[in-house]
Amino acid sequence: MNERLEAAALLYDEAAKQLDLAARHCEVAAQHFRDNLVPRGAAHAWAARGHLLEAEKRLDEQAREHSSRSSIETTPGGQASA
């Protein structure tokens with residue numbers, strides 16, 4: 001497999017893992033809030049947010065990679081095309 005494609009695949013794998021962890025923390029937070037365990041619920045809610053930020057960081061990295069390789073061409077009428 002192409003090294004660039006493997007690197008992209010790994011970024012998406014890492015983002016998926018972070019999103020899975022975020023979802024699990026959300027489920028735990030929900031149960032803690034139902035059980036009136038507010039500090040624990042809040043801790044898991046913030047942990048979920050942290051995992052979302054980590055996933056976003058990996059997706060942002062992939063977006064920057066794409067933007068550095070993408071170009072805009074114009075047609076004779078001045079319209080942009082990919």
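I need every pair where a residue in segment 28-55 that is closer than 28 Å to residue 13 by Cβ has its Cβ under 7 Å from the Cβ of a residue that is charged (D, E, K, R) and at pLDDT below 95, sequence separation at least 6 or different chains.
Close Cβ pairs (under 7 Å, with a partner that is charged (D, E, K, R) and at pLDDT below 95) do not exist here.
Just checking, how many residues over segment 57-75 are under 21 Å from residue 19 (Cα atoms) and either without any contact (Cβ under 8 Å) to a residue 12 or more places away in the chain or not in a helix (DSSP H, G or I) (or both)?
Matching residues across segment 57-75 total 4.
Are any of the residues in segment 23-30 aliphatic (A, V, I, L, M), surrounded by fewer than 17 Cβ atoms within 10 Å (Cβ to Cβ) and under 21 Å from residue 4 (Cβ atoms)?
Checking segment 23-30: not a single residue is aliphatic (A, V, I, L, M), surrounded by fewer than 17 Cβ atoms within 10 Å (Cβ to Cβ) and under 21 Å from residue 4 (Cβ atoms).
Checking the condition under 30 Å from residue 66 (Cα atoms) and surrounded by 13 or more Cβ atoms within 10 Å (Cβ to Cβ), which residue from 16, 48, 9 passes?
Just one listed residue meets the conditions, 48.
The values are calculated or read from the model by the stated rules, or taken from the named source; none is laboratory data. All values derive from a computational prediction rather than experimental measurement. All Cβ positions, even for glycine, are placed from backbone atoms using ideal geometry, and neighbour counts span all protein chains on display.
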